[in-house]
Amino acid sequence: MKKLRTKFIIFMYENSQKQYRKYFKKKKRQWQFNEEQLLSFKEDSLGRMLGEFYYNHGFRMIPKMENHDVYHLITDFSTNIQDEIAMQYLLFGNGKRSAYLLGVLALGTIIFPEYFKTYLKAFRKGQNMRVFHHWDFERLLWQNFEHLKDFIRQKETQVLY
């Protein structure tokens, strides 16, 4: 039964992505780097880590969706279906709002209710991170990956005078 639910979610994802990018990602531009170029970045950089992510998983970059793959690196969520949904919960907790994200949350919760505690934990994790969902990660590809990840994971605190 779980395999059937997973196949359904994958079917929905694959059949919605082209339309989503066509109608909702019009303003966004494709990154200027490809997977091979990312591998030439300095060893400890975000760019290199992203290149290795693509290489190790046998993935290709999806135009205008590059930040999504960076989210996987920052949040430590894998690319399996339940983790994809959990990562969307984390992004929702981090303040990201879109019709597509809300659809993933609703459908994911209905299809995989047994993961709701995991999803709630991911939501809270997103609330406890710096707001990063809107960042232009292409500009940060040269940054030290671990420093960037640590910075994001430290919730902003207000200094009272």
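Considering the stretch 85-99 alone, what residues qualify as being modelled with pLDDT of 95 or more and in a loop (DSSP other than H, G, I, E, B)?
In the first step, residues of the stretch 85-99 are kept if they are modelled with pLDDT of 95 or more; the result is 85-97.
Matches in the stretch 85-99: ASN94, GLY95, LYS96, ARG97.
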Quiz item: What pairs come up if the first residue lies in the stretch 39-67 and is on the phi > 0 side of the Ramachandran plot and part of a loop (DSSP other than H, G, I, E, B), the second is open to solvent by 60 Å² or more (accessible area, probe 1.4 Å) and not hydroxyl-bearing (Ser, Thr, Tyr), and their beta carbons are under 7 Å apart, counting only those six or more places apart or on different chains?
Solution: LYS64/LYS28; LYS64/GLN30
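Inspect the stretch 140-154 for any residue being modelled with pLDDT under 95 and either in contact with a Phe, Trp or Tyr (Cβ under 8 Å, 6 or more places away or on another chain) or surrounded by 13 or more Cβ atoms within 10 Å (Cβ to Cβ) (or both) and give the result as yes or no.
Filtering the stretch 140-154 down to residues modelled with pLDDT under 95 leaves 153-154.
The next check asks that each one be either in contact with a Phe, Trp or Tyr (Cβ under 8 Å, 6 or more places away or on another chain) or surrounded by 13 or more Cβ atoms within 10 Å (Cβ to Cβ) (or both); those that pass are 153.
For the stretch 140-154, residues modelled with pLDDT under 95 and either in contact with a Phe, Trp or Tyr (Cβ under 8 Å, 6 or more places away or on another chain) or surrounded by 13 or more Cβ atoms within 10 Å (Cβ to Cβ) (or both): present.
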Self-check item: Where TYR119 falls short, out of the listed (1) open to solvent by 30 Å² or more (accessible area, probe 1.4 Å); (2) at pLDDT 95 or above
Solution: (1)
Quiz item: Which of the residues that make up the stretch 47-90 are closer than 20 Å to ARG130 by Cα and open to solvent by 60 Å² or more (accessible area, probe 1.4 Å)?
Solution: ASP76
Exercise. Take GLY108 and decide whether it is open to solvent by less than 30 Å² (accessible area, probe 1.4 Å), over 17 Å from ARG48 (Cα atoms), under 14 Å from the mean Cα position of the chain (by Cα) and at pLDDT 95 or above.
Key: no
Quiz item: Can you pull out the residues in the stretch 68-98 that are touching a residue at least 24 places away in the same chain (Cβ under 8 Å) and among the β-branched types (Val, Ile, Thr)?
Solution: VAL70, ILE74, THR75, ILE81, ILE85
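Can you confirm whether TYR71 is at pLDDT 95 or above and hydroxyl-bearing (Ser, Thr, Tyr)? Working first, answer last.
Working: at pLDDT 95 or above: yes; hydroxyl-bearing (Ser, Thr, Tyr): yes.
So TYR71 passes the test.
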Quiz prompt | In the stretch 124-135, the residues that are loosely packed, with under 14 Cβ neighbours inside 10 Å and either without any contact (Cβ under 8 Å) to a residue 24 or more places away in the chain or among the basic types (Lys, Arg) (or both) | solution = ARG124, ARG130
Quiz item: Quick one: TYR100 ticks every box in (1) closer than 23 Å to LEU46 by Cβ; (2) open to solvent by 10 Å² or more (accessible area, probe 1.4 Å); (3) touching a helix residue (DSSP H, G or I) at 6+ places or on another chain (Cβ under 6 Å) bar one, so which box is it?
Solution: (1)
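The values are calculated or read from the model by the stated rules, or taken from the named source; none is laboratory data. Just so we're clear, the structure is a prediction, and the values are computed from it rather than from any experiment. So basically every Cβ, Gly included, is an ideal-geometry build from the backbone, and we count neighbours across all protein chains shown. Note: accessible area is taken over every heavy atom of the protein model, side chains too, but ligands, DNA and RNA are not part of it. Shrake-Rupley method; radii C 1.70, N 1.55, O 1.52, S 1.80 Å.
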